[in-house]
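What follows is a single structure, written as structure tokens, with notes after it.
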Amino acid sequence: MELISVREARTEQAIGKSVELRGWVRTRRDSKAGFSFIEVNDGSCLGNIQVIADGKLENYETDVKGLTVGASLRVEGQVVASGGKGQATEVQATRVIAVGGADAESYPLQKKQHTLEKLREWAHLRPRTNTFGAVARVRNQICRSIHQFYQERGFLYVHTPIITASDCEGAGEMFQVTTLDLATIAKREMANIDYKFDFFDRPSYLTVSGQLEAETYACALGKVYTFGPTFRAENSNTSRHLAEFWMIEPEMAFFELPDNMQLAEDFLKRLFRDVLEHCQEDMAFFNERIDESKTLIERLQKIVNADFVRLSYTEAVDILLACDHKFDYPVKWGMDLQSEHERYLTEKHFDSPVILYNYPRIIKPFYMYCNDDGKTVRGMDVLVPGVGEIIGGSQREHRLDVLLERMAEMQLSADDYWWYVDLRRYGTVPHAGFGLGLERVIQFVTSMGNIRDVIPFPRTPGSCDF
Ligand code: ATP
Ligand code: MN
């Protein structure tokens with residue numbers, strides 16, 4: 001007897017095998033002829049396996065007929081070809097072992113469909129649904145592809161700190177980390193907190209980006225990437241922001257902006273191609289059941305087979321000024337583009353992923369490479385239809401004098417960033433990198449509308465359940 005997964009049991013190669021399966025009951029149907037059909041799922045794939053439990057099984061009346069939705073069980077039996085629609089195989093049980101029951105009265109995931117909002121309240125049970133099982137498998141495939149993509153190209157996986165005292169120049173609002181007793185501080189009504197008594201003897205925070213630290217490794221090891229949790233305390237209750245999310249940040253020495261754009265495009269296409277190839281059943285589900293126009297797979301296939309549009313910020317502003325679309329925020333050169341402008345470009349105007357580059361220097365952080373025009377920096381964002389910004393990155397300023405000038409202009413202390421400045425002092429080199437939000441890619445490839453539904457336990461303002 002071989003212990004196999006439902007995914008394996010559903011293939012024709014399994015026919016004739018004597019197997020054991022372990023999983024949970026999705027449905028049970030009793031036939032008048034004195035046997036039962038049990039649909040079993042174990043998370044290995046979207047589809048269930050149909051188990052036929054004969055009335056002659058010794059525990060048929062006592063156990064099999066008590067198997068309700070959500071109960072766990074082990075099944076021993078023979079895989080046979082199935083005459084049923086939509087399934088190649090089924091299992092003729094020789095033994096059914098009920099493991100853990102699920103009270104039919106109180107179990108929330110009965111047959112009826114629940115809304116995604118309702119399922120958020122049951123984050124501990126929602127992975128048992130088709131939608132969240134599929135999201136979990138696609139998320140896993142994307143993570144595997146991320147590592148494969150960089151490892152195949154000789155990038156080193158590095159771990160940047162999660163607790164930090166530098167703020168990556170305001171990439172977002174930060175969560176403070178402290179061991180000071182807030183109750184005591186409140187009681188004493190202290191106006192000034194003495195950080196000498198805090199754990200790190202200075203204010204410290206959860207990281208908003210590992211970029212600055214990743215640069216130090218790129219400037220020693222060439223090509224590196226980070227892949228870890230990232231925290232932003234921005235109070236934006238949108239369908240695209242989480243307080244805790246995962247970010248992938250490659251950083252490359254001897255790389256300039258065009259190399260960076262090419263890497264970003266190749267990287268995204270690899271992720272899309274891999275889910276299309278390796279998650280076919282789940283992707284068909286998203287296409288049919290989640291995507292409004294049922295064109296998800298077709299759109300992704302089109303994207304992997306075409307070049308992304310590359311467009312300078314200035315060209316983008318010209319397009320936005322010339323179009324007859326009414327925007328809430330009027331467009332003007334020098335402004336930070338709003339999501340409505342980004343969406344117009346990628347969805348309406350080009351209907352394609354768009355890489356925007358060369359942004360006005362006044363709206364971008366100090367570390368971006370300054371162009372000779374004195375007005376723009378070599379930043380880049382990748383925008384995709386339906387989601388908007390998915391990647392933000394830049395070529396970094398590697399010239400010591402320009403960097404110091406830029407920091408002074410933005411009233412940043414070179415002493416605070418002494419180690420970052422040192423990289424420009426010793427063996428400086430053009431380098432570049434970007435950050436990809438993991439949950440935004442998952443949203444894009446699944447067409448799930450809300451980012452809270454593509455991470456197991458979402459953290460958002462006012463909500464930290466489970
Ligand atoms: P946005 O403008 O969408 O808030 P950003 O410009 O603040 O994003 P970056 O600092 O460029 O974001 O971060 C790099 C990437 O990380 C983004 O392109 C996005 O994919 C992802 N990201 C940023 N903030 C969040 C968030 N709060 N939740 C989930 N993903 C995020
Ligand atoms: Mn950005």
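The values are calculated or read from the model by the stated rules, or taken from the named source; none is laboratory data. Nothing here was measured: the structure is a model prediction, and the numbers come from that model. As a convention, Cβ positions derive from the backbone with ideal geometry for all residues, glycine included, and neighbour counts pool all protein chains shown. Please note that ligands, DNA and RNA were not included when accessible areas were found on the heavy atoms of the full protein model with its side chains. Shrake-Rupley method; radii C 1.70, N 1.55, O 1.52, S 1.80 Å.
A few points about this structure:
- Segment 105-171: GluC sites (Glu not before Pro) falling in loop per DSSP and having at most 13 other Cβ within 10 Å: GLU105, GLU121
- Per residue, in Å², the accessible surface of segment 1-93 once ligands and nucleic acids are set aside, probe 1.4 Å: 50
- Protection proxy ranking, highest mean first, for peptides 19-29, 380-390, 312-322: 380-390, 19-29, 312-322, where packing is the per-residue count of other beta-carbon atoms within 10 Å, averaged.
- The angle between the Cα long axis of helix 257-278 and the longest principal axis of the Cα atoms of the chain comes to about 0 degrees, rounded to the nearest 10.
- Here is the list for segment 274-311: trypsin sites (Lys or Arg not before Pro) lying in DSSP coil, each with at most 16 other C-beta atoms within 10 angstrom of its C-beta, are LYS294.
- Under the combined filter of DSSP loop state and at most 15 neighbouring Cβ atoms within 10 Å, segment 91-168 retains these trypsin sites (Lys or Arg not before Pro): LYS111, LYS112, ARG153.
- Value of [θ]222 nm, deg cm²/dmol, for the chain, DSSP H segments ≥ 4, -39500 (n - 2.57) each, nearest 500: -8000 deg cm²/dmol
- Protection proxy ranking of 6-13, 436-443, by the mean of other Cβ atoms within 10 Å over each peptide's residues and highest first, is 436-443, 6-13.
- All lysines inside 21 Å of LYS326 as judged from Cα atoms, apart from same-chain residues fewer than 8 positions distant: LYS348
- Near the amide H of SER204, within less than 5 Å, lie the amide hydrogens of VAL177, all on another chain or at least 5 residues away, with H placed in the peptide plane.
- Between amide H atoms placed 1.01 Å from N, distances below 5 Å from ASN371 occur with THR376, VAL377, ARG378, all of them 5 or more places distant or on a separate chain.
- Inverse mean reciprocal Cα-Cα distance (Kirkwood Rh) of the chain, Å: 25.4
- Counting only Cα atoms, segment 200-322 measures 55, 38, 31 Å along its principal axes, largest extent leading.
- Potential lengthening between ALA306 and THR178 on full extension [0.36 nm per residue; Cα-Cα distance subtracted]: 41.2 nm
- Rounded FRET efficiency, nearest 0.05, which uses the C-beta distance separating MET335 from MET190 and R0 of 56 Å: 0.85
- Listed values for segment 62-72 are Karplus-derived 3J(HN,Hα) couplings in whole Hz (6.51 cos²θ - 1.76 cosθ + 1.60, θ = phi - 60°), namely 7, 10, 4, 6, x, 6, 9, 3, x, 6, 9, and x replaces Gly and Pro.
- Relative to the longest principal axis of the Cα atoms of the chain, the long axis of helix 211-221 lies at roughly 90 degrees.
- Between GLN113 and VAL402, residue separation times 0.36 nm minus the direct Cα-Cα distance comes to 98.2 nm.
- Straight-line reach from LYS187: taking Cα to Cα under 29 Å and skipping same-chain neighbours fewer than 8 places apart, the lysines in range are LYS196.
- If the chain linking ASN371 and GLN148 were pulled fully straight, counting 0.36 nm for each residue of separation and taking away their Cα-Cα distance, it would gain 76.9 nm.
- Nearest 10 degrees, 0 to 90: helix 400-409 Cα axis against the chain principal axis: 90
- Structure note, pairs LYS85/LYS269; LYS112/LYS294; LYS32/LYS85: Cα-Cα distances above 29 angstrom occur for LYS85/LYS269.
- Of the peptides 45-55, 68-78, the ranking by mean beta-carbon count within 10 Å, highest at the top, reads 45-55, 68-78.
- Couplings 3J(HN,Hα) of segment 179-195, computed from phi: 10, 5, 7, 4, 5, 5, 4, 5, 4, 7, 6, 6, 7, 10, 8, 8, 6 Hz, in residue order, whole Hz [Karplus 6.51 cos²θ - 1.76 cosθ + 1.60, θ = phi - 60°; x for Gly and Pro].
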